[in-house]
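The values are calculated or read from the model by the stated rules, or taken from the named source; none is laboratory data. Being a predicted model, the structure only gives us computed values, none of them experimental. Don't worry about glycine lacking a Cβ; one is built from the backbone with ideal geometry, like all the others, and counts go over all protein chains shown.
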Amino acid sequence: MERIFTDNAPAAIGPYSQAVAANGLIFTSGQIALDPATGEVVAGGIREQTQRICENLTAVLAAAGSSLEKVIKTTCFLADMSDFAAFNEVYGSYFTGKPARSCVAVKALPKNVLAEVEVIALA
């Protein structure tokens, strides 16, 4: 098992790794819309936050020697299901391979962000 870290994505804000590689798979922790340079939530709404989340996931997967094209499963959390269509539009521009996915609404997310996404990918 290998713990993955990159400065190109936000540092973990708790006792966990950005990702873990094990047995040919990469498991990312949930990424939220934090700018890795500032540690702050990006300005804007669900579209801007989803874009930042996808960029953060891209960086974590690259550090693990993987990519969005190798993602086999995503789990998506939305603070408000009314953001589903806008979230999907941006998400779909990144996850063009259409991995398996779960998407649920939750009561709240860290730092009051609008979305969080975690992935499982092939190494």
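Please go through (1) under 22 Å from residue 106 (Cβ atoms); (2) assigned to a loop (DSSP other than H, G, I, E, B); (3) modelled with pLDDT of 95 or more for residue 15 and return the number of the only condition it doesn't satisfy.
(3)
Specify the residue that is surrounded by the fewest Cβ atoms within 10 Å (Cβ to Cβ); the eligible residues are those in segment 58-79 that are in contact with a helix residue (DSSP H, G or I) (Cβ under 8 Å, 6 or more places away or on another chain) and either within 20 Å of residue 112 (Cβ to Cβ) or free of Cβ contacts under 8 Å to residues at least 24 places away in the same chain (or both).
Step by step, filter segment 58-79, then rank; the result is 79.
Would you be able to say whether some residue in segment 66-81 is of a type in the set (Phe, Trp, Tyr) and closer than 22 Å to residue 40 by Cα?
Yes, some residue in segment 66-81 is of a type in the set (Phe, Trp, Tyr) and closer than 22 Å to residue 40 by Cα.
If we scan segment 96-104, do we find a residue that is surrounded by fewer than 16 Cβ atoms within 10 Å (Cβ to Cβ), closer than 14 Å to residue 50 by Cα and modelled with pLDDT of 95 or more?
No - not one qualifying residue is present in segment 96-104.
Give segment 99-123 a look and list any residue that's of a type outside the set (Val, Ile, Thr) and in contact with a helix residue (DSSP H, G or I) (Cβ under 8 Å, 6 or more places away or on another chain), or say none.
Selection gives 103, 105, 114, 115, 116, 121, 122, 123.
Does residue 67 meet the test of being polar (S, T, N, Q) and within 19 Å of residue 8 (Cβ to Cβ)?
Against the criterion (polar (S, T, N, Q) and within 19 Å of residue 8 (Cβ to Cβ)), residue 67 qualifies.
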